[in-house]
Each structure stands twice: as C-alpha cells, then as structure tokens.
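Here's the structure, in structure tokens; my notes come after.
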Amino acid sequence: MLAELRQKSQITIPKEIIVKLGLCEGDKLDIFERDGTICMLPVVVYPKKYLDELRSELDDVKAKIASGEQPVFDSVDALFAKLEADR
C-alpha cells in the first residue's frame, strides 16, 4: 500500500491496517528508523502516578509473601479451590 507524505510530515495509515490492529483515534504509536526503514509500533502509555501506585502495591504483596502473611498457590486451580473452600 502506498501512503503519501503530506504537509507537516503527515501520512494517512491505510484503513485496513487500522482495522486489523484495532487502532483508534488517540492511540499512541512509537515511530523510529531502523536500517533505513520507518517502523511504527502501537504502545500504551500509563501515567507515572499509576505506575508508582502499582509498584507500591507489588512491593506490599512481595513483603506479605516474604513474611508468610500472603498465601502462595502453585496453580490457578489451587487458588480457586481455596476461594471456594472459604465461601
């Protein structure tokens, strides 16, 4: 498929590609050059505050696992069996 470079360095990505990748208006793309090829990769950008909160929650869970306060399961089935038993 051909795309034409327009004013302000803009191009239109063909609709077939947009649909195939499930892209929507406002989605972010990482654009870079590699060996003379222009590459575009869809990315998800999370706010730093969200990532900091997530990191804090993970640190809390790791501390609970280390102290034995948080149970660890060998499989998802074992987790669901425990949840069912606790009902």
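Using DSSP to define loop residues, name the GluC sites (Glu not before Pro) in the chain whose beta-carbon has at most 11 other beta-carbon atoms within 10 Å.
Sparse-neighbourhood loop GluC sites (Glu not before Pro): Glu4, Glu25, Glu69.
Counting alpha carbon pairs within less than 8 Å and at least 6 residues apart, what relative contact order, in whole percent, applies to the chain?
RCO, the chain: 12 percent.
Before rounding to the nearest 500, sum -39500 (n - 2.57) across all DSSP H runs of length at least 4 in the chain and divide by the residue total; then give [θ] at 222 nm in deg cm²/dmol.
Dividing the helical sum by the residues of the chain leaves -13500 deg cm²/dmol.
Given the options Asp74, Asp27, Asp52, which has the most mean-square fluctuation in a GNM of the chain, springs set between C-alpha atoms less than 10 angstrom apart?
The residue that fluctuates most here is Asp74.
For a test of understanding, tell me how many lysine pairs in the chain have Cα atoms under 27 Å apart, given they are 8 or more places apart or on different chains.
For the chain, qualifying lysine pairs total 12.
No lab work stands behind these numbers, since they all come straight from the coordinates. These numbers were taken from a predicted model, which means no experiment stands behind them. Note that we place each Cβ from the backbone using ideal geometry, even for glycine, and neighbour counts take in every protein chain shown.
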